[in-house]
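J.: Sending over a structure as structure tokens; questions will come in a sec.
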Amino acid sequence: MQPQAIAISGRADGSGGWIRLAWFVVLAAAVLLMQAVSAIARPESLAPLADKVSPAVVNITTSTVVEGRSGPQGIVPEGSPFEDFFREFQDRNGNGNGNRPRRSSALGSGFVISEDGFIVTNNHVIDGADEIEIEFFPGEGQPKNLVPAKVIGTDPNTDIALLKVEAPMPLKFVKFGNSDTARVGDWVVAMGNPLGQGFSVSAGIVSARNRELSGSYDDYIQTDAAINRGNSGGPLFNMDGDVVGVNTAILSPNGGSIGIGFSMASNVVVKVVEQLKEFGETRRGWLGVKIQDVDADLAEAMGLDKANGALVTDVPDGPAKDGGVLAGDVIVSFDGTDVKDTRGLVRQVGNAEVGKTVRVVVYREGKTETLRITLGRREDAERGPSGDGGSGEAPGSTEKELLGLSVGVLTDQMRAELNVAEDVQGLAVLSVDETSEAWEKGLRAGDVITEAGQQKVAAISDLEARVSEAKKAGRKSLLLLVRRGGEPRFVALNLTQ
């Protein structure tokens, strides 16, 4: 774009002339700057970008053999007097072969990441498929026919799958960009095969970052670029033509795009793809703790300056237990990086190398302590049993009302009713005042309090002593470790109510 010419009139032989000249120079510079900003903010066309990257975008067709249904299922209720009538109607119209297996097909998208044929898509696109075929969108030097693909590996946790095709020529491919540099408001382009209509391009902006849908490792980029069924597994490009996300999900009341789509961030995908390529499966680090977030009440009850970190509620057999982590510890740093919350810790541990010895800093009884822990593998831990701990036997039965709770020592009958192991000490919650803070924070009859003030409780006197000690220490709340159905969590209750 040519800069506009600005006419300058008048003489420059006096002070007024020099001022006018300077003013016109500033004005000209401002006009040029606005033109440059406008050109950057609104590209004239996305066609050059589409031409550049589209040869690497593919259509994925999957087929699966499914069992036929016997009888008129879905038409009338099973056992209905009309069932025989509808079965005869189906038979007369050639629909009586309901038991015969049939082949079902589905469509999705993907993209090539190497010239030797590795392709990334969503796991849900190919999950359960018997046959997978790749169709390359029209482009010079790309295969013209459907090419069969094999599955190298899948990761349901991030909904990523890695495929491989054998092509007679080097394939055109795209590379991953750094999704952490994507800012809200940046232009992005989604490509794929929406609704089976063939190659399609849609543009929008990054609407939000770090979205979490349902998984522990979620890190989604939200975009208003149109994403529909069939776009799953396709790439989300930045303006440099780098992949910053894998289009995975939409939020919609009717199944169509309403401008809220989610793409798994490329920095998550890259790590998964590297492991699938090398091992055919993921290998995530495993610490071996049950954790919960630290809220303001918990932070105050434990003497923490800030509500950061991950509070350990239980330590089953595993790396953390071997390394000295205790229930009630707050993990504030992992492998040299501060821990903000439980979600952050899960991702930090998952991204760590299996077998690596890391430094874990915990806050315990008013001071920090550094532990060295050798990480296990999460996938192995998920396939095996995990332990749960406690010791001692519960004494006889008494009842007391404290902190809006009516509590009693565990009896054998209570243990059987609440499914509490014999080696677990604690107080059973018999009832909860529905006007109390305890009720508001989710405590219910049947819960078991095993610790108060980060010390074990086995008798009513233990809980009373913890309440008294906390008040003398000037604490506004008391930290309780509560178990429900074997699952532990910490709750801080106000002592001033």
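We did not get these values from a lab; they are worked out from the coordinates using the rules stated. None of these values were measured; they are calculated from a predicted model. So basically every Cβ, Gly included, is an ideal-geometry build from the backbone, and we count neighbours across all protein chains shown.
J.: Full extension from E369 to K306: what is 0.36 nm times the residue separation minus their Cα-Cα distance, to one decimal in nm?
T.: 21.0 nm
J.: What is the magnitude of the charge dipole of region 399-494 about its Cα centre, with +1 placed on the Cβ of each Lys and Arg, -1 on the Cβ of each Asp and Glu, and no other charges, expressed in debye to the nearest 20?
T.: The calculated dipole for region 399-494 is roughly 440 debye.
J.: Mind listing the long-range amide H neighbours of A352? Cut-off is under 5 Å, sequence gap 5 or more, other chains count too, H placed in the peptide plane at 1.01 Å from N.
T.: G285
J.: How many nm separate the modelled label positions at A473 and K456, each set 7 Å beyond the Cα in the direction of the Cβ?
T.: If labels sit at A473 and K456, their model points lie 1.9 nm apart.
J.: Still on this model: Please compute the contact order of region 285-383 in relative form: average sequence separation of alpha-carbon pairs under 8 Å and at least six residues apart, divided by the residue count, as a percent.
T.: Relative contact order, region 285-383: 31 percent.
J.: Could I ask something else about it? At R0 = 22 Å, how high is the FRET efficiency between D380 and N178 if r is their beta carbon distance? Nearest 0.05 is fine. The partial results should precede the final answer.
T.: On the way: r = 31 Å, r/R0 = 1.41.
The value I calculate is 0.10.
J.: Kindly rank 281-289, 161-169 from highest to lowest mean number of other beta carbons found within 10 Å of each residue.
T.: Per-residue mean Cβ counts within 10 Å order the peptides as 281-289, 161-169.
J.: Which far-off residues, 5 or more places away or on another chain, put their amide H under 5 Å from the one on V151, with H placed in the peptide plane?
T.: Distant-sequence amide H within range of V151: zero hits.
J.: Determine, for T496, T313, the number of other Cβ atoms within 10 Å of each Cβ, and report the residues in order from fewest to most. Spell out each step's value before the answer.
T.: Details: T496 7, T313 20.
If I rank by nearby Cβ atoms, fewest first, I get T496, T313.
J.: Could you check the simple spin-label distance between L46 and D322, using points 7 Å along Cα→Cβ, in nm with one decimal?
T.: About 5.0 nm, to one decimal.
J.: Which ³J(HN,Hα) values, rounded to whole Hz and listed in residue order, are derived for region 114-119 from phi using the Karplus coefficients 6.51, -1.76 and 1.60 in 6.51 cos²θ - 1.76 cosθ + 1.60 with θ = phi - 60°, glycine and proline given as x?
T.: 7, 5, 8, x, 7, 10
J.: Stretched out fully, how many nm does the piece from R444 to R209 gain, at 0.36 nm a residue minus the Cα gap?
T.: Length gained between R444 and R209: 80.9 nm.
J.: Just list whichever of K290/K471; K290/K367; K290/K456 have alpha carbons separated by over 24 Å in the model shown.
T.: K290/K471
J.: Still on this model: Per-residue counts of other Cβ atoms within 10 Å, averaged by peptide: what ranking do you get for 110-116, 261-267, highest first?
T.: Ranking the peptides 110-116, 261-267 by packing returns 261-267, 110-116.
J.: Using the crude model of +1 on Lys and Arg Cβ and -1 on Asp and Glu Cβ, and no other charge, please compute the dipole size for region 285-383 relative to its Cα centre, in debye to 20.
T.: 340
J.: Once both labels are modelled 7 Å past Cα along the beta-carbon direction, what's the S431-A296 spacing in nm?
T.: The two pseudo-label positions are separated by 3.3 nm.
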